[in-house]
């Protein structure tokens with residue numbers, strides 16, 4: 001499985017939390033997401049899992065763009 005996030009932007013109330021964020025994870029790799037408090041780590045993961053919507057950018061899993069739908 002390959003997971004990619006590219007050009008991710010997210011703002012809350014006019015405050016830009018993520019600007020052009022992204023990463024690429026290939027099958028079998030191990031990564032850590034590190035940063036200071038307020039750096040956007042949780043926001044990035046919530047966008048990946050569909051908890052938050054992104055303002056811009058794409059999430060791609062195994063070559064297919066992921067679009068989250070409301071329940």
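Every number in this text was worked out from the coordinates using simple rules, so none of it is lab data. All of these numbers come straight from a predicted model, not from anything done at the bench. Here the Cβ is made from the backbone with ideal geometry for all residues, glycine too, and neighbour counts use every protein chain on show.
Determine, for 54, 6, the number of other Cβ atoms within 10 Å of each Cβ, and report the residues in order from fewest to most.
In order of increasing Cβ crowding within 10 Å: 6, 54.
Note down the relative contact order for the chain as a percent, whole number, built from C-alpha pairs under 8 angstrom at least six residues apart. Show your work: numbers first, answer last.
Values: 102 pairs, mean separation 28.1, N = 71.
Worked out over the chain, it gives 40 percent.
So between residue 23 and residue 42, what do we pick up on full extension, going 0.36 nm a residue minus the alpha carbon distance?
Extra length from residue 23 to residue 42 when fully extended: 5.4 nm.
As a footprinting exposure proxy, order 49, 43 by other Cβ within 10 Å, with the fewest listed first.
49, 43
With 10 Å bins from zero, work out the P(r) of the chain over every alpha carbon pair and list the percent per bin.
Spelled out bin by bin, the chain gives 19, 53, 25, 3 percent.
Would you kindly state how much longer the chain becomes between residue 69 and residue 6 on full extension, computed as 0.36 nm times their sequence separation minus their alpha carbon distance, in nm to one decimal?
Extra length from residue 69 to residue 6 when fully extended: 20.7 nm.
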